[in-house]
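The structure under discussion appears below in the form of structure tokens.
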Amino acid sequence: MAGNASNGNVYETGLFVMQPAKRFGLSCALALPLAKQFDIDYVRLKAHARRCLQAGCSSVTVFGTTGEGASVSLAEREQILDALSAAGVD
């Protein structure tokens, strides 16, 4: 029996059964706030992430579509993720 995702049924093929994708909502791509000396402004970053989540976003995306991924070092990325996690933004 073949179904479709719009009515909640599963897709059946000759090899396997696929469940429809579960949508998780809106994910906001965060812009990375910088201080005057071009250091990462962690206070503003955490506040921005919390504000997006409180406004109804299901998640936030760091180093995503705004281009910071290529210009932020691995150590800085780890610090950013640690700061967001410590602030309760997992």
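A few notes on this one:
- Loop-located chymotrypsin sites (Phe, Trp or Tyr not before Pro) across segment 21-60 with a Cβ neighbour count of 15 or fewer within 10 Å are F24, F38, with loop assigned by DSSP.
- Net charge contributed by nearby residues that have their C-beta within less than 15 Å of I40 (K/R +1, D/E -1): -2
- Taking 0.36 nm per residue of separation and subtracting the Cα-Cα distance, full extension of the segment from S73 to L53 would add 4.6 nm.
- Charged neighbours of A70, selected by a Cβ distance under 15 Å, balance to -1 (K, R count +1; D, E count -1).
- The label point for L34 and the one for D82, both projected 7 Å from the Cα toward the Cβ, are 2.2 nm apart.
Read-outs throughout are calculated quantities, based only on the coordinates presented, and are distinct from any laboratory measurement. Predicted model only: the values in this text are computed from it and were never measured. Glycine also receives a Cβ, built like all others from the backbone with ideal geometry; neighbour counts cover every protein chain displayed.
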